[in-house]
Each structure stands twice: as C-alpha cells, then as structure tokens.
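Participant: Below is one structure. I have some questions about it.
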Amino acid sequence: MSATDTNPAARDAAVVTAYLEASMVPDPEGAARYMAPGTPIVFTGGRVFTHPSAVTAFNAGRYAWVKKRMERLDVVPGGDVTTVYSLGTLYGAWPDGTAFEGNRYVDRFTVRDGLIVAMEVWNDSAERLLDRHGLTA
C-alpha cells in the first residue's frame, strides 16, 4: 500500500501533478482522465472551458508553445474535497517566436474522490501582452 492509498490529500496532489504534466505535452485526452466530466476550467478573464482540449486550443492561439515550471503545490485538505494550488512560472514562446519566461501563474484545483471537479487559472500573460504592445503606463 502506498502513501497515496492511505492519504487522500497526497493522492489528490498526485492527481493534480499528473493532470498538469499531461496538459503540458499537450495531451488533452490524457489530462481529461484526471477530471470529472464537465469540470469547469475558469481561465484568467473569466473564460470558461469544460474540457482540456478547449484549453489546448485556446493556448495554441496565445502561445507558439508554453510550459509550466511547477515550483510548489500547496495542499489544503477539507471535508469531502481537497484544494490544491499549483504555483510557479510559465515559459515558452509567443506566436511570433519570441521567447518568454518568469510569467507567474497560480492554478487552483478542487479534487473530490480522486478527480478534479473544478479548476481556476491565473497568470501574468495578459499583462505581458499589454507590455509587448505598449499599452501599459
């Protein structure tokens, strides 16, 4: 018996890590195995997706490619759910091929019975895009 078999919070953190790793391939179908069907994925700006393939399509328009440098997971056990925060930075290239790194992100996952049931995403991409286009003070 592994530690994740007896510790739901550790199991749920492993589920989030596996989801993030699959989503970075990108393998949206593989990532979907870690989510309950119809799970809302709420992105910065209030965009709501219900499947990782929609996130992959959205990111394809925003980035030439993007990956996460996962710096830490904060795991908050609760009654029947675990909240898992993934914090780190994004790195990759904008659509024109210009490289970027150090783009902060926070993802908040709600996990129930070993499946992600809600996900929220925040990052600095919008601010960085505004800067690239001279639209910040």
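Participant: Can you tell me which residue in the stretch 1-30 is modelled with the lowest pLDDT, limited to those that are in contact with a helix residue (DSSP H, G or I) (Cβ under 6 Å, 6 or more places away or on another chain) and closer than 22 Å to V76 by Cβ? It would help to see each step written out before you state the result.
Facilitator: Looking only at the stretch 1-30, we keep the residues that are in contact with a helix residue (DSSP H, G or I) (Cβ under 6 Å, 6 or more places away or on another chain), and these are 3-4, 10-11, 14, 19, 22-23, 26, 28, 30.
With the extra rule that they be closer than 22 Å to V76 by Cβ, the set shrinks to 3-4, 10-11, 14, 19, 23.
Values: A3: 53, T4: 56, A10: 95, R11: 96, A14: 97, Y19: 98, S23: 96.
Looking at residues that are in contact with a helix residue (DSSP H, G or I) (Cβ under 6 Å, 6 or more places away or on another chain) and closer than 22 Å to V76 by Cβ, I get A3.
Participant: Then there is this: Scan (1) out of contact with any helix residue (DSSP H, G or I) (no Cβ under 8 Å at 6 or more places or on another chain); (2) modelled with pLDDT of 95 or more for the single condition I41 breaks and write down its number.
Facilitator: Among (1) out of contact with any helix residue (DSSP H, G or I) (no Cβ under 8 Å at 6 or more places or on another chain); (2) modelled with pLDDT of 95 or more, the lone unmet condition for I41 is (1).
Participant: Filter the stretch 28-64 for residues that are surrounded by 15 or more Cβ atoms within 10 Å (Cβ to Cβ) and among the aromatic types (F, W, Y); which is nearest to the chain's Cα centre (by Cα)?
Facilitator: Once the filter is applied, the top-ranked residue is F43.
Participant: Determine, yes or no, whether V84 is in a strand (DSSP E or B), more than 14 Å from the chain's Cα centre (by Cα) and hydrophobic (A, V, I, L, M, F, W, C). Can you show your working first?
Facilitator: Details: in a strand (DSSP E or B): yes; more than 14 Å from the chain's Cα centre (by Cα): no; hydrophobic (A, V, I, L, M, F, W, C): yes.
Taking the combined requirement at face value, the residue does not satisfy it.
Participant: Among the residues of the stretch 9-42, count how many are in a loop (DSSP other than H, G, I, E, B) and in contact with a strand residue (DSSP E or B) (Cβ under 6 Å, 6 or more places away or on another chain). Working first, answer last.
Facilitator: Step one: of the stretch 9-42, the residues in a loop (DSSP other than H, G, I, E, B) are 25-27, 33-34, 36-40.
Right, trim to in contact with a strand residue (DSSP E or B) (Cβ under 6 Å, 6 or more places away or on another chain) and you get 34, 36, 39-40.
So the answer is 4.
Participant: Another one. Counting only residues that are assigned to a helix (DSSP H, G or I), charged (D, E, K, R) and in contact (Cβ under 8 Å) with a residue 24 or more places away in the chain, which one in the stretch 106-135 is surrounded by the fewest Cβ atoms within 10 Å (Cβ to Cβ)?
Facilitator: From the stretch 106-135, those assigned to a helix (DSSP H, G or I) are 125-132; that's our starting set.
Now restrict to residues that are charged (D, E, K, R): 127-128, 131-132.
Remaining after also requiring in contact (Cβ under 8 Å) with a residue 24 or more places away in the chain: 128, 132.
Numbers: R128: 17, R132: 13.
Among those that are assigned to a helix (DSSP H, G or I), charged (D, E, K, R) and in contact (Cβ under 8 Å) with a residue 24 or more places away in the chain, it is R132.
Participant: All but one of (1) of a type outside the set (A, V, I, L, M, F, W, C); (2) in contact with a strand residue (DSSP E or B) (Cβ under 9 Å, 6 or more places away or on another chain); (3) outside any helix (DSSP H, G or I) hold for N59; state the number of the condition that does not hold.
Facilitator: The one condition N59 does not meet is (3).
Participant: Could I ask something else about it? Tell me which residues, restricted to the stretch 68-98, are surrounded by fewer than 15 Cβ atoms within 10 Å (Cβ to Cβ) and within 13 Å of S125 (Cα to Cα).
Facilitator: Within the stretch 68-98, A93, P95 qualify.
The values are calculated or read from the model by the stated rules, or taken from the named source; none is laboratory data. Treat the numbers as computed from the prediction; the structure is a model and nothing was measured. Counting neighbours? That spans all protein chains shown, and the Cβs are built from the backbone with ideal geometry, glycine included.
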